[in-house]
Amino acid sequence: YDFLCAPPLASPLNPARTFYAPGRRLSEEMLREMAHPLVSPVNADFAGFPPTLIQAGEKEIIVDEISQLHENIIAHNPEARKGRYVYECYADMIHVFHQFLSLPDAQYAIAKAGEFIKAL
């Protein structure tokens, strides 16, 4: 789910498109495929979604799409209790910053993930 692409899919700079159809003109079939929820989860129906913690780095190329994913989950579950769907965005962090264990933010994010899981 690294490619949570929101429109415009027609842009040759769209992250998913650079892998799916580099240099090729998008056909209607390709657009339908790229909008499929299994390819682009922001288009999914999240009703009844389980508790979710989303952690992102502010410097990720897809940080806007990650935020949109969280908003979509909440929109599909308006009755959910506070804390069921959590989004944390870490300043100046990159994608998969958790793997850099010497970073204080990585340590903190991993600890927060542990707390989230224990609270379930």
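The values are calculated or read from the model by the stated rules, or taken from the named source; none is laboratory data. In this text, all values refer to a predicted model and were calculated from it rather than measured experimentally. FYI the Cβ positions are ideal-geometry reconstructions off the backbone, even for glycines, and counts take in every protein chain you see. The protein model used for the area step is the full one, side chains on, heavy atoms only, and it has no ligands, DNA or RNA in it. Shrake-Rupley method; radii C 1.70, N 1.55, O 1.52, S 1.80 Å.
For residues that are within 30 Å of F116 (Cα to Cα) and touching a Lys or Arg at 6+ places or on another chain (Cβ under 8 Å), scanning just region 1-60, find the one that is modelled with the lowest pLDDT.
The extreme case among them is C5.
Scan region 84-103 and give yes if some residue there is free of Cβ contacts under 8 Å to residues at least 40 places away in the same chain, assigned to a helix (DSSP H, G or I) and either touching a helix residue (DSSP H, G or I) at 6+ places or on another chain (Cβ under 8 Å) or closer than 29 Å to A35 by Cα (or both), otherwise no. Quick ask: steps written out before the conclusion?
Just the residues of region 84-103 that are free of Cβ contacts under 8 Å to residues at least 40 places away in the same chain, to begin with: 84-94, 96, 99-103.
Pick out the ones that are also assigned to a helix (DSSP H, G or I) and you get 99.
This time we only want the ones that are either touching a helix residue (DSSP H, G or I) at 6+ places or on another chain (Cβ under 8 Å) or closer than 29 Å to A35 by Cα (or both), so: 99.
Yes - at least one qualifying residue is present in region 84-103.
Do we find a residue being among the basic types (K, R), closer than 20 Å to F116 by Cβ and open to solvent by less than 70 Å² (accessible area, probe 1.4 Å) anywhere in region 83-95?
Scanning region 83-95 turns up at least one residue that is among the basic types (K, R), closer than 20 Å to F116 by Cβ and open to solvent by less than 70 Å² (accessible area, probe 1.4 Å).
Please indicate, with yes or no, whether at least one residue in region 56-67 is charged (D, E, K, R), in contact with a helix residue (DSSP H, G or I) (Cβ under 9 Å, 6 or more places away or on another chain), part of a helix (DSSP H, G or I) and open to solvent by 30 Å² or more (accessible area, probe 1.4 Å).
Checking region 56-67: at least one residue is charged (D, E, K, R), in contact with a helix residue (DSSP H, G or I) (Cβ under 9 Å, 6 or more places away or on another chain), part of a helix (DSSP H, G or I) and open to solvent by 30 Å² or more (accessible area, probe 1.4 Å).
Would you mind finding the one in E33, E71 that is in a helix (DSSP H, G or I), more than 30 Å from P104 (Cα to Cα) and open to solvent by 50 Å² or more (accessible area, probe 1.4 Å)? Give the steps one after another, and end with the answer.
Details: E71 fails: more than 30 Å from P104 (Cα to Cα).
Just one listed residue meets the conditions, E33.
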